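The values are calculated or read from the model by the stated rules, or taken from the named source; none is laboratory data. Everything numeric in this text was worked out from a predicted model, so none of it was measured. Note that we place each Cβ from the backbone using ideal geometry, even for glycine, and neighbour counts take in every protein chain shown.
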Amino acid sequence: MFIADFYSTFIKLAGAKARQETRVDGMDMSAMLFRGTPSPRKEIVFEVTGSVRVPTIRSGDWKLMGDMLFNIAKDPYEKKNVAMDNPSVVKRLAARLAQVDSERPPLGDKPLLMDPPLPYIYGIKENANPPKWLVEHVDAVRAGQPKKWAPGETPWPQAPIGVNANKQPGSK
């Protein structure tokens, strides 16, 4: 089960129907939770290209993170990169990441989406009229943040040491 599945599962359990403009990545996991059926989810895509994060996918026992491959069944702490020993798995998962990336809707004007760096709610429409309490809270958080960043630094989570998201295969 993936965090994106919570929404779809809760909607199903409530007996409601999802009503949003864009397709939801989540899956209904109520049968897995309450009847013990196998999960319908066969993969989790954590990130694709075009971000400061490293393109990452988990499929079965495998997790591809950038150009690093881990067998999470044998190595749950992801200590041993086995990419060199499993080039066909790397190729298959990288191709799947590229496919998912090609299906993603355009991100729009990135400067608009990334400024301010701590949006009230992710989404242009949602940011138009945020509640006053939320604006005050976010402004208070921003007040304690640095106003300038050293070259190469950002306020967003960074890739693990030794991994450069901009140099991964398929990066745009």
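Restricting the search to the range 1-36, which residues are assigned to a loop (DSSP other than H, G, I, E, B) and either within 20 Å of SER59 (Cβ to Cβ) or within 19 Å of the chain's Cα centre (by Cα) (or both)?
Within the range 1-36, MET1, PHE2, ILE3, ALA4, THR22, ARG23, VAL24, ASP25, GLY26, MET27, ASP28, MET29 meet the criteria.
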Report task. Any chance you could count how many residues in the range 60-102 are free of Cβ contacts under 8 Å to residues at least 40 places away in the same chain, in a loop (DSSP other than H, G, I, E, B) and either within 22 Å of SER39 (Cα to Cα) or not basic (Lys, Arg) (or both)? Result -> 15
Query raised in the report: Do you know which of the residues in the range 130-161 that are among the charged types (D, E, K, R) and modelled with pLDDT of 75 or more is farthest from MET68 (Cα to Cα)?
Result: LYS132
**Report entry** Residue, modelled with the lowest pLDDT, within the range 1-43, restricted to residues that are surrounded by fewer than 11 Cβ atoms within 10 Å (Cβ to Cβ) and within 30 Å of VAL89 (Cβ to Cβ)
**Finding:** ARG23
Requested in this report: Would you please name the residue that is nearest to the chain's Cα centre (by Cα), looking only at residues in the range 38-59 that are part of a loop (DSSP other than H, G, I, E, B) and among the hydrophobic types (A, V, I, L, M, F, W, C)?
Outcome: VAL48
